[in-house]
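A short write-up of the structure that comes next.
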Amino acid sequence: MHFGMTVSLQKLTITNIEKYMLKYINAGERFYADKPVFAYARGAVEFQVVLKGKARPSREDTHFPEVEAPVLWVNGPESEHGWTDLPGERSEVIVFQFHEVNQVVLRALGPKGFIYKKLLPEEVREIQKIHADLKRMMDAPISLDPLRMDRAKADLCLLALRDLPRDQLREVHEYAETKVDQAISWYRERLTQSPSVRQLAAAVHVSPVHLRRLFQHTLGRSPHAVMNEIRMENALRWLRDEHMQVSEVSARLGYSEPSAFTRAFRTWYRHPPGHARQNGGRS
């Protein structure tokens, strides 16, 4: 089948893949006691698996427990931490750093900014397979890899959260509801300015991608769909006022001109604003 354009699995550059989601990946022996990694913020979510040894994160204001390997540590993007070990010890690790993860994971990290999980043998094998798959993608990337990386990242996140108590995961859901409520309230107060989804996300301190996920998780709809609904609900309410011109309603809703409002209203309700006004502001 030919559509006038040849679609092929073109190779991606490693830079493009890293920009998409994966910032860093590595594995091997570490001698953190002799060669410690000093504290700094990665600007990414770090999944570090200690397969052998007793390596652990280090931070001046936090005590990280000594956990027998194998163990998975997850540190948030703002966490300024290093890595240390017992004197003379050697550890074997796998490291993944992602630019973004689902908001559920970030919330689960809590105020300390980290979680850890003891790993079962089958979970170690699962992580080793994820590492091998991602390494293959980095060595010979193709256009399907972002989808595969999405799956790999989701598998790591689910593994990290697997043993969390249900009460803690319920708190994550409540967080999502709070963020969505804040976003909707902020938008309602600024209808006249017609803010974008990007501006809405910035107002509640999440990325646009995370905001979309929060809306889908909480309401089952996108921010854009909810914003349109709020606009149209207010349009009907203001059209009930016979003294308010359609142009004024349009301006209150942030439309650049009345004709743009009329088109949007007709698309939403299948009839023009004048029809709603004749019917007492009913759709």
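Just so you know, all these numbers are worked out from the coordinates, no wet-lab data involved. Note that this is a predicted model, so its numbers are computed, not measured. Note: ideal-geometry Cβ built from the backbone for every residue, glycine included; neighbour counts use all protein chains shown.
Here are the numbers for the structure shown:
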read-out: Amide proton proximity set for A39, modelled H, under 5 Å, gap of 5+; value: G82
read-out: Efficiency of FRET from Cβ geometry, Q199 and D133, R₀ 51 Å, rounded to 0.05; value: 0.85
read-out: Too-long pairs where the Cα-Cα distance tops 32 Å, listed order kept, from K54/K135; K35/K118; K23/K112; K54/K129; K54/K179; value: K54/K179
read-out: Shape of the range 165-283, Cα gyration tensor, a/c cut at 1.5; value: prolate
read-out: Inter-site label distance for T62 and S247 at 7 Å from Cα along Cβ, in nm; value: 5.8
read-out: Per DSSP, loop GluC sites (Glu not before Pro) in the range 189-280 with at most 16 further Cβ within 10 Å; value: E189, E242
read-out: Estimated distance in nm for a label pair at H275 and R237, the labels positioned 7 Å out from Cα along Cα-to-Cβ; value: 2.4
read-out: Estimated 222 nm signal from helices in the chain, with DSSP H stretches of n ≥ 4 weighted -39500 (n - 2.57), rounded to 500; value: -14500 deg cm²/dmol
read-out: Percent RCO, i.e. relative contact order, over the range 14-164, from Cα pairs under 8 Å lying at least 6 residues apart; value: 31
read-out: Cα-Cα pairs of the range 14-164 separated by more than 27 Å (percent); value: 18
read-out: Inter-label distance for L158 and R263, nm, one decimal - labels placed 7 Å from Cα along Cα-to-Cβ; value: 4.3
